[in-house]
1. Determine the pairs where a residue that is more than 17 Å from SER304 (Cα to Cα) and open to solvent by 50 Å² or more (accessible area, probe 1.4 Å), located within the range 255-267, has a partner that is polar (S, T, N, Q) and in a helix (DSSP H, G or I) with Cβ atoms under 9 Å apart, the partner being 6 or more residues away or on another chain.
2. Mind checking whether some residue in the range 435-447 is in contact (Cβ under 8 Å) with a residue 24 or more places away in the chain, open to solvent by 80 Å² or more (accessible area, probe 1.4 Å) and either in contact with a Phe, Trp or Tyr (Cβ under 9 Å, 6 or more places away or on another chain) or not acidic (Asp, Glu) (or both)?
3. Report, by residue number, each residue of the range 424-438 that is in contact with a Gly (Cβ under 9 Å, 6 or more places away or on another chain) and within 13 Å of THR474 (Cβ to Cβ).
4. What are the pairs, 6+ residues apart or on separate chains, where a residue within the range 312-332 that is aliphatic (A, V, I, L, M) has its Cβ under 8 Å from a residue that is part of a loop (DSSP other than H, G, I, E, B)?
5. Test of understanding: among GLY13, GLY62, GLY58, which residue is more than 28 Å from SER223 (Cα to Cα), in contact with a Gly (Cβ under 6 Å, 6 or more places away or on another chain) and of a type outside the set (A, V, I, L, M, F, W, C)?
6. Kindly provide the set of residues from the range 482-497 that are crowded, with 21+ Cβ neighbours inside 10 Å and more than 28 Å from the chain's Cα centre (by Cα), ordered by number.
7. Taking TYR196, is it in contact with a Gly (Cβ under 8 Å, 6 or more places away or on another chain), farther than 23 Å from ARG17 by Cα and open to solvent by 40 Å² or more (accessible area, probe 1.4 Å)?
8. Quick check on my filter: what residues within the range 498-508 are in contact (Cβ under 8 Å) with a residue 24 or more places away in the chain and open to solvent by 50 Å² or more (accessible area, probe 1.4 Å)?
Amino acid sequence: MKIDELRNIISKGESTRIEYKECSDRVPSSMYETVASFSNTDGGTMLLGVNDDQEISGINEGAGEKLKNDIITALNSPDCIEPPVFVEPDLVETDEGMVLVIKIPSSSQVHNHAGRIYFRDHENDIDITDNQQRLSELYQRKRTLFTETKIYSSLTINDLDEELFEKARKLIKANRSDHPWLYLENEELLRESILYRKDFQTGEEGLTLAAALIFGKDSTIQSLLPAYKVEGMVRRENIDRWDDRITLRTNLIETYQKLKEFVYKHLPEKFHMEGDQRIDLRDVIFREVIGNAIVHREYTSALSTDLIISTDDVTITNPNKALFHGPLDPSSFNPYPKNPNIRKFFTSFGWTDEIGSGVRNTNKWLPRYVPNATPIFIEDDVFKTIIPLKVAQLGDFANKLRSWLDIDEQALPHLEEGLKHVALPSSVIDVDWKQLILHLVPSWHNMGTKLNGLKWVSGKASTKEEIQEVPSWTQKGTKLLQKRNTYYIQILLLTSNPIALDEMMRWIGYKNRATFRRNYLETLESIGFVSKTIPDVPNSPDQKYQITERGKLFLAGHNIKLG
């Protein structure tokens with residue numbers, strides 16, 4: 001930044017998009033609140049070394065570089081700002097002293113500092129964490145913002161790669177030989193696909209971020225998004241290093257192709273006959289997983305997209321503009337568009353189908369690739385997909401769990417059938433009964449105490465060390481769990497297979513129907529762990545209760561954020 005530009009900003013005074021902070025050699029304590037509020041509102045510029053009287057006080061000589069590094073490190077840590085924010089602080093030297101200029105972009109995500117959410121109102125950073133109306137308005141505002149449509153007025157056709165247009169046409173033609181885009185010149189194609197657009201509110205027009213991501217030269221993409229990268233990693237032989245690794249900072253067409261090649265290199269192919277059609281299961285699963293990671297990524301985020309292959313699973317983490325926080329239920333989730341213009345191209349290539357197809361198709365084909373496997377999808381600021389390569393279910397321990405929690409013997413066939421659909425995390429595959437308890441109980445305590453509305457009771461043994469000091473801990477779950485917690489786990493186990501209320505109470509040994517429903521069942525329903533099989537007719541005589549995907553993740557001890 002030039003000195004004249006700096007003085008012009010100072011002359012305007014503090015506002016919704018300008019903030020001054022005095023600073024000598026330490027980051028001001030309120031700075032990160034302002035970063036979060038700028039990100040959540042319209043973005044802004046922060047000047048460190050300027051006081052509230054619009055005077056340059058300056059930062060200490062020699063402190064500038066350390067301050068820059070400290071700020072960059074903090075803003076890339078979810079312990080400070082979540083999701084992280086990418087900035088490039090700029091030191092400007094004036095006659096009065098050094099000023100550190102930090103430009104914070106408006107984000108399509110909701111950011112928090114130390115668990116608190118801030119919104120910019122005039123020159124103030126307002127904590128709206130406990131204001132449900134303001135929070136809902138903020139999330140709705142972010143939901144309608146597609147960062148792929150951001151216009152870069154200085155971006156020209158010369159910043160794009162001519163060869164990528166020809167590559168795109170070949171891909172489109174191979175998928176659909178009569179596609180109308182095949183007959184357009186490059187600039188016509190950009191306009192027709194809305195990669196060149198006009199903002200009718202501001203009058204600004206030009207090429208968009210999506211145009212750069214699909215057709216941009218590597219230098220163009222890295223200039224616009226310096227933190228952007230996609231990584232594929234394999235860790236099987238040695239947990240202290242990567243067995244293989246690929247880092248991609250290139251256009252989306254080649255990113256998709258190279259990431260698929262990486263997966264094919266490290267995972268076996270397997271075929272399935274669907275009628276007279278031979279299905280390449282590896283292809284249909286990872287075509288969806290990789291395509292959706294690229295299409296749904298939040299490209300303004302400083303975080304990378306990571307695909308990690310281990311012995312037990314494949315995990316994909318992706319910066320995301322979250323609609324809610326928690327696991328997706330493939331049978332009932334409502335998909336929504338995130339980068340619709342990028343998706344249009346991937347659909348024209350034959351790499352993705354309609355919105356929501358990735359989750360549904362992966363859920364359909366994975367059990368044929370890995371018998372009894374179920375994918376896990378977790379919606380959050382970092383979207384997480386887990387594809388199991390090995391499977392173990394709670395059903396393997398059905399009788400042990402029944403006895404441990406004093407559930408009637410008659411329930412065993414019911415439990416065996418239901419719990420074979422509750423997958424354990426890869427970290428506890430091939431464990432014995434003792435090891436399972438040492439995993440489950442701490443996990444239940446850890447997640448249960450963090451869930452609003454569950455009323456999980458702490459107090460008894462909750463760590464591995466405490467558990468092993470309790471007499472008969474492998475025979476009696478009541479030795480480790482408070483009574484309320486025991487009922488919760490009993491209900492989750494029994495609802496792994498749809499069950500009527502009276503039968504559930506009989507097998508648990510609970511007499512008072514009203515109390516059982518009010519204190520336990522309704523609580524589990526309210527937090528989304530259990531649902532009715534006939535929700536539209538709550539008092540139906542045929543009503544049963546069943547565990548949800550969210551409830552299964554808790555019961556099996558997946559130790560993930562459940563909202």
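1. Within 9 Å, no pair qualifies.
2. Of the residues in the range 435-447, the ones in contact (Cβ under 8 Å) with a residue 24 or more places away in the chain are 436-444, 446-447.
Remaining after also requiring open to solvent by 80 Å² or more (accessible area, probe 1.4 Å): none.
The answer is no, given that none of the residues of the range 435-447 is in contact (Cβ under 8 Å) with a residue 24 or more places away in the chain, open to solvent by 80 Å² or more (accessible area, probe 1.4 Å) and either in contact with a Phe, Trp or Tyr (Cβ under 9 Å, 6 or more places away or on another chain) or not acidic (Asp, Glu) (or both).
3. Those that are in contact with a Gly (Cβ under 9 Å, 6 or more places away or on another chain) and within 13 Å of THR474 (Cβ to Cβ): LEU436, ILE437.
4. If the second residue must be part of a loop (DSSP other than H, G, I, E, B), the pairs left are VAL314/LEU267; VAL314/LEU389; ALA322/GLN109; ALA322/VAL110; ALA322/ASP380; ALA322/ASP381; LEU323/TYR336.
5. Values: GLY13 fails: in contact with a Gly (Cβ under 6 Å, 6 or more places away or on another chain); GLY62 fails: in contact with a Gly (Cβ under 6 Å, 6 or more places away or on another chain).
Result: GLY58 is the single residue among GLY13, GLY62, GLY58 that is more than 28 Å from SER223 (Cα to Cα), in contact with a Gly (Cβ under 6 Å, 6 or more places away or on another chain) and of a type outside the set (A, V, I, L, M, F, W, C).
6. Correct list: ASN485, GLN490, ILE491, LEU494.
7. Numbers: in contact with a Gly (Cβ under 8 Å, 6 or more places away or on another chain): yes; farther than 23 Å from ARG17 by Cα: yes; open to solvent by 40 Å² or more (accessible area, probe 1.4 Å): yes.
Considered against the rule, which asks whether it is in contact with a Gly (Cβ under 8 Å, 6 or more places away or on another chain), farther than 23 Å from ARG17 by Cα and open to solvent by 40 Å² or more (accessible area, probe 1.4 Å), TYR196 comes out as yes.
8. Restricting attention to the range 498-508, the residues satisfying the condition of being in contact (Cβ under 8 Å) with a residue 24 or more places away in the chain are 498-501, 504, 506-508.
Selection gives PRO498, ARG506.
The values are calculated or read from the model by the stated rules, or taken from the named source; none is laboratory data. All of these numbers come straight from a predicted model, not from anything done at the bench. Backbone-built Cβ (ideal geometry, glycine too); neighbour counts: all protein chains shown. All accessible areas refer to the heavy atoms of the entire protein, side chains included, with ligands and DNA or RNA removed. Shrake-Rupley method; radii C 1.70, N 1.55, O 1.52, S 1.80 Å.
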